[in-house]
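The structure appears right after this line, and notes come after that.
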């Protein structure tokens, strides 16, 4: 999104070598990937914007992941 904005999500105990090997962790990664896509879409539509370390318009945004 930006060098100064970090989006974090839920996590879980990593008891496998990769997240792909864990159904639970894979689900979290898929949700974050969907959220990233929706966030980028909202940015391209002008609904929200990211300038430096501030996300503008996110307060009113609704994302269906």
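At-a-glance table
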item: Alpha-carbon Rg with Dmax, taken over the chain, Å; result: 14.0, 40
item: Extension gain (nm, one decimal) between residue 18 and residue 31, 0.36 nm per residue minus Cα-Cα; result: 3.0 nm
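Laboratory data are not the source of any read-out in this text; all were calculated from the coordinates shown. Computed from a predicted structure; not experimentally measured.
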